[in-house]
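The values are calculated or read from the model by the stated rules, or taken from the named source; none is laboratory data. It should be emphasised that the depicted structure is a prediction, and the values quoted were computed from it without experimental measurement. Methodologically, a virtual Cβ is constructed for each residue, glycine included, from the backbone with ideal geometry; neighbour enumeration extends over all protein chains shown.
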Ligand code: RB5
């Protein structure tokens, strides 16, 4: 099952992508948002990315204005490989080399036609495995690393913990 979510900056492109999913008979869950009222992208990234992290969803699609906020937020979740794609080449490579499990789009930077092609290619392209699988296993080493905590011992922003 695929989950799709957006903030107010991506809500119109979300409707376009949902139509593409329906045309291709891809089952999906829409976690919102569904209006132009201002919302916070981390909340909607969490709805999709936590579901991918815990196995409720196989894949996700997230959309905000630039795609940047959704990418940053989604990649905080364990096992998530969220890829912000601006064209069909990056969409294909995000699957073939990075096994991206969340596609991120920016409504304010990517046209509707390109976005539809990105989605189609992203859904159809398999992971190549091989040397790329070895590299993904190194990402998981980083996820489990103690460095995650050392960077911000107080749990806050790393800059808050600098004493120079
Ligand atoms: C909302 O104005 C905008 O900041 C958001 O959609 C996204 O682009 C953030 O990265």
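Restricting attention to the stretch 108-132, which residues are within 18 Å of residue 97 (Cβ to Cβ) and free of Cβ contacts under 8 Å to residues at least 12 places away in the same chain?
124, 129, 130, 131
Going residue by residue through the stretch 117-139, is there one that turns out to be within 16 Å of the ligand (Cβ to nearest atom), over 16 Å from residue 3 (Cα atoms), modelled with pLDDT of 95 or more and in a loop (DSSP other than H, G, I, E, B)?
Within the stretch 117-139, not a single residue is within 16 Å of the ligand (Cβ to nearest atom), over 16 Å from residue 3 (Cα atoms), modelled with pLDDT of 95 or more and in a loop (DSSP other than H, G, I, E, B).
Against the definition (surrounded by 15 or more Cβ atoms within 10 Å (Cβ to Cβ) and either in a loop (DSSP other than H, G, I, E, B) or more than 15 Å from the chain's Cα centre (by Cα) (or both)), how does residue 26 come out, yes or no?
Yes, satisfied.
Here's the yes/no breakdown for (1) within 16 Å of the ligand (Cβ to nearest atom); (2) modelled with pLDDT under 95; (3) within 15 Å of the chain's Cα centre (by Cα); (4) over 20 Å from residue 112 (Cβ atoms):
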residue: 44; (1), (2), (3), (4): yes, no, yes, yes
residue: 48; (1), (2), (3), (4): yes, no, yes, yes
residue: 58; (1), (2), (3), (4): no, no, yes, yes
residue: 62; (1), (2), (3), (4): yes, no, yes, no
residue: 68; (1), (2), (3), (4): yes, no, yes, no
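Please tell me if residue 9 is crowded, with 21+ Cβ neighbours inside 10 Å and assigned to a loop (DSSP other than H, G, I, E, B).
Here the answer is yes, as residue 9 does meet what is asked.
Could you say whether any residue in the stretch 45-56 is surrounded by fewer than 15 Cβ atoms within 10 Å (Cβ to Cβ) and more than 29 Å from residue 132 (Cα to Cα)?
No, because not a single residue in the stretch 45-56 is surrounded by fewer than 15 Cβ atoms within 10 Å (Cβ to Cβ) and more than 29 Å from residue 132 (Cα to Cα).
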